[in-house]
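The values are calculated or read from the model by the stated rules, or taken from the named source; none is laboratory data. Model, not experiment: these values are computed from the prediction. Neighbour counts are summed over all protein chains in view; Cβ atoms, including those assigned to glycine, are modelled from backbone coordinates with ideal geometry. When the accessible area is computed, the model is the full protein with side chains, heavy atoms only, and any ligands, DNA or RNA have been set aside. Shrake-Rupley method; radii C 1.70, N 1.55, O 1.52, S 1.80 Å.
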Amino acid sequence: MGQTISSPVRQPSAAAARRSRSCTSFVMNSEESDSDGCLAGEAARDHTAELPDEVLALIFQGLGSSDRKRCSLVCWRWLAVEGQNRHRLSIDARAALLDAVPSLFARFDAVSKLALKCDRRADSIGDEALGLIAQRCPNLTRLKLRACRELTEAGMYVLAKHCPNLRKLSCGSCNFGARGVEAVLRGCLLLEELSIKRLRGLNEAAGVGGNIVVSSSSLRSICLKELYNGQCFGPVIASSPNLRTLKLFRCAGEWDCLLEEVAEKVTGLVEVHLEKLQVSDRGLFALASCTDLEVLHLVKTPECTDAGLITITEKCRLLRKIHIDGWKTNRIGDEGLMAVAKRCPNLQELVLIGVNPTSLSLGLLGSNCRNLERLALCGSETFGDKEISCIAAKCMALKKLCIKGCPVSDQGMEALADGCPNLVKVKVKKCRAVTPHVADWLRATRGSLAVNLDNISQIELQEACMSESGMMDNGIEEIPVLIDPFSTMDVPSSSSGRSGHWKRIGFIGGRNFFAPTFRRLFHGNNNSHHL
């Protein structure tokens, strides 16, 4: 009672089940097919087509050189946008470049920074190619010429005519002479930086007495390297009232008289580099009148003594960076360094190579130079455990310390465990009495301190092998041979070309003893570059 009769549930037949499964499969396949079709449609759609060329150019600017090259191969539009917005270009400047100049610079028509580099064993571009490039790059602001030996004064005249906005010119291993440089100085009134290296035609006369007789109010920096007749630039240097940086490297001749003339007329110098020059205290006495001097490099100038350094410190109280390579002549020592300590409170960086300071001068430097952050001592016979203990106790602001080829032992290194509270990096090279044990102990004691200690036995083995093979590292990186001058076009990094000066502190390897250590020790961000 009260119960309903339940009817039996009928099971579907096998044929009905097959039909159901077939229908379900059809529906699912249809849905997947529609979904795949939508995805295919989305994939086929070019979303970048909706971006304005200006936005696409901004995206390309955030990419590296190799990625930009790949992007330029995607489609014609990307090729055009990438080329029209590339401002830096580095090209293999062989003679065959002449035929490609019109098409090449039709694509890269916005180039403002250009490097033309040729292999030393190949024929370089000549005046005709440089003239065509200058005509197609009227907005050129930076130009670097390397081993373009076929260029003459005529080509430089054309360059100056068509590129009046040029601000930086760097020439190396070229054959044109002083007249070519003078043409650029006269035609490019905005030129700020001039760098000349191994210019073979400088023995030709230009102007009165073979000198370059032209004044420039725009020049801010002049760098002369390995010139036989570098004195011909004397009138240019002395006639540049706004000059701030003067760098003279391995140039023949006597330079004291020229420095006297320069110091008398150009009093705003901020940075001076003198390396392997025939210059004496007389030249340093003259430079002392440049009271705004902040950076001073005296590298392998054996006629400079404590007297010259003392005179500079008496008047140049703004010195921040001092590099001295005494060449183990012992003509600059404690007396000069104590004068630096007493009169240069803003000192931040001090490099001493082949100089023999004692705890007397180092202690005074630590006490008076409260901003000293970077210190390097190399090849010093007097820098031992007592001196490093003095630094540890008094150099409170020190962040980076480099010691190479000095009589320091584990006992002296242990003083760094409690001293120099801001120290972040220590590099020790070719100090036989310093063992890996103390390096490991320092790392464990001061967890944030980076300690770099070389392997003496491995270095000796490498040096022995190099000596046997007759090969020595001369510190010069040769430009690689490029097979196709047009497929190897490259663009320097967009990061600042002005890398930190400490990073580039090298004193060329091989003949010069200390370069590799400094480059690795004080490696900063920023590379640059350069054009």
With a point put 7 Å past each Cα toward its Cβ, work out how far residue 418 is from residue 435 in nm, to one decimal.
2.2 nm
Calculated FRET value between residue 307 and residue 360, using beta carbons and R₀ = 22 Å, to 0.05
0.75
For the stretch 338-371 and the stretch 79-154, distance of Cα centres in Å:
48 Å
Linear extension gain, residue 87 paired with residue 257, 0.36 nm per residue minus alpha-carbon span:
57.0 nm
Per-residue accessible area, 1.4 Å probe, largest first, puts 327, 441 in the order 327, 441
For the stretch 32-167, take the alpha-carbon Rg, divide it by the Kirkwood Rh, and send me Rg/Rh.
1.16
Can you put 437, 87, 297 in order of accessible area, largest first, using a 1.4 Å probe?
437, 87, 297
Positive-end extreme of charge dipole, the stretch 45-192 - chosen from 90, 170, 190 (charges on Cβ):
170
To the nearest 10 Å², what's residue 112's accessible area with a 1.4 Å probe?
20 Å²
So how much slack lies between residue 397 and residue 218, counting 0.36 nm per residue of separation and subtracting their Cα-Cα distance, in nm?
60.7 nm
Nearest-10 value in Å² for the accessible area of residue 51, using the 1.4 Å probe:
60 Å²
As an exercise, take the mean of 1/r over every pair of distinct alpha carbons in the stretch 215-262, invert it, and state the Kirkwood radius in angstroms.
10.9 Å
Among 225/394; 197/386; 113/315; 247/342; 168/430; 265/328, the pairs whose Cα-Cα distance exceeds 32 Å are 225/394; 197/386; 113/315; 168/430; 265/328
What fraction, in whole percent, of alpha-carbon pairs in the stretch 290-358 exceed 16 Å separation?
38 percent
With each pseudo-label sitting 7 Å past Cα toward Cβ, what's the residue 443-residue 292 distance in nm, one decimal?
4.7 nm
For the stretch 133-252, what is the accessible area per residue in Å² when the probe is 1.4 Å?
38 Å²
Where does the Debye-calculated log10 I(q)/I(0) of the stretch 48-97 sit at q = 0.13, 0.17, 0.32 Å⁻¹, using only Cα point scatterers of equal weight, no solvent?
-0.33, -0.53, -1.34
Calculate the FRET efficiency for residue 190 and residue 70 from the Cβ-Cβ distance with a Förster distance of 30 Å, rounded to the nearest 0.05.
0.25
Probe 1.4 Å, all chains present, heavy atoms only: residue 446 accessible area in Å², nearest 10, is 30 Å²
Provide the per-residue ³J(HN,Hα) series for the stretch 132-139, in order, calculated from phi with Karplus coefficients 6.51, -1.76, 1.60 and θ = phi - 60°, each as a whole number of Hz, with x at glycine and proline positions.
4, 5, 4, 5, 8, 10, x, 9
Under the 7 Å Cα-to-Cβ spin-label approximation, residue 454 and residue 59 lie apart by a distance in nanometres of 4.8 nm
Length released on extending from residue 370 to residue 320, taking residue separation times 0.36 nm less the Cα-Cα span
16.8 nm
Once neighbouring chains are kept in place and the probe is 1.4 Å, which whole percent of the accessible area of the stretch 282-380 is contributed by carbon and sulfur?
46 percent
Considering the stretch 360-437, what Rg and Dmax in Å follow from its alpha-carbon atoms?
11.3, 33
Can you pull a Stokes-Einstein diffusion coefficient for the stretch 134-200 at 4 °C (1.567 mPa s), Rh from Kirkwood over Cα pairs, as a whole number of µm²/s?
113 µm²/s
Quote the convex hull volume per residue of the stretch 67-139, based on C-alpha atoms, as a whole number of Å³.
93 Å³
